[in-house]
1. If I ask for residues that are within 12 Å of the chain's Cα centre (by Cα) and surrounded by 16 or more Cβ atoms within 10 Å (Cβ to Cβ), which ones from region 1-17 would you list?
2. Is region 84-98 home to any residue that is of a type in the set (Gly, Ala, Ser), under 22 Å from residue 7 (Cβ atoms) and under 17 Å from the mean Cα position of the chain (by Cα)?
3. Give me a count of the residues in region 98-130 that are hydrophobic (A, V, I, L, M, F, W, C), open to solvent by 50 Å² or more (accessible area, probe 1.4 Å) and assigned to a helix (DSSP H, G or I).
4. Testing residue 95 on (1) in a helix (DSSP H, G or I); (2) within 22 Å of residue 16 (Cβ to Cβ); (3) among the hydroxyl-bearing types (Ser, Thr, Tyr); (4) open to solvent by 50 Å² or more (accessible area, probe 1.4 Å), one condition comes back false. Which one is that?
5. Just a yes or no: is a residue in region 48-63 over 21 Å from residue 84 (Cβ atoms), hydrophobic (A, V, I, L, M, F, W, C) and at pLDDT below 95?
6. What is the residue count in region 49-69 for residues that are assigned to a helix (DSSP H, G or I), open to solvent by less than 70 Å² (accessible area, probe 1.4 Å) and within 18 Å of residue 32 (Cβ to Cβ)?
Amino acid sequence: MFQLAYVTAQTLGIADKAHDALFDAVWTTGELGTTDPSTGGLKAHMPTIEDAARFYEKHTGVPAAKFVATSKSFGVDNQVRVDEEAIKQFGVDRTPTIVVNGKYRLQVESAGGADALIELVNWLVAKESK
């Protein structure tokens, strides 16, 4: 659902506008979270594309019906498929996974911690930007 919602938001040109609010809705307020903070388990009601559409309507003004319709479009479906293929091709099996220039797949554990990951990503980006 989150991948579909993000691609839909990108297609509508609103992804960047709501990115921080979406992060907060998942991880801070729990509005679109998948875990119950009181139990630590999964919520009985997982967020749906309709929930995401209402979120985006509230934060960007794009009508929820338009968001849902766009999420069902050929263009969005095609992009989700392309993204899924890239995820398989790069061997992404967890979040976060960072792929630099299609060559280097990095994760917090493989880099030796979060700070080391940031340092390594910065180094690889500089290297690959030459």
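The values are calculated or read from the model by the stated rules, or taken from the named source; none is laboratory data. Remember, it's a predicted structure, so these values are computed and weren't measured experimentally. Ideal geometry is used to build each Cβ from the backbone, glycine not excepted, and the neighbour counts take in all protein chains shown. What goes into the accessible areas is simple: the full protein's heavy atoms, side chains included, and nothing from ligands, DNA or RNA. Shrake-Rupley method; radii C 1.70, N 1.55, O 1.52, S 1.80 Å.
1. Taking region 1-17 and keeping what is within 12 Å of the chain's Cα centre (by Cα), we get 1-10, 15-16.
Hits for region 1-17 are 4, 5, 6, 7, 8, 9, 15.
2. yes
3. Final tally of qualifying residues: 6.
4. Condition not satisfied by residue 95: (1).
5. So far as region 48-63 goes, no, none of its residues is over 21 Å from residue 84 (Cβ atoms), hydrophobic (A, V, I, L, M, F, W, C) and at pLDDT below 95.
6. 10
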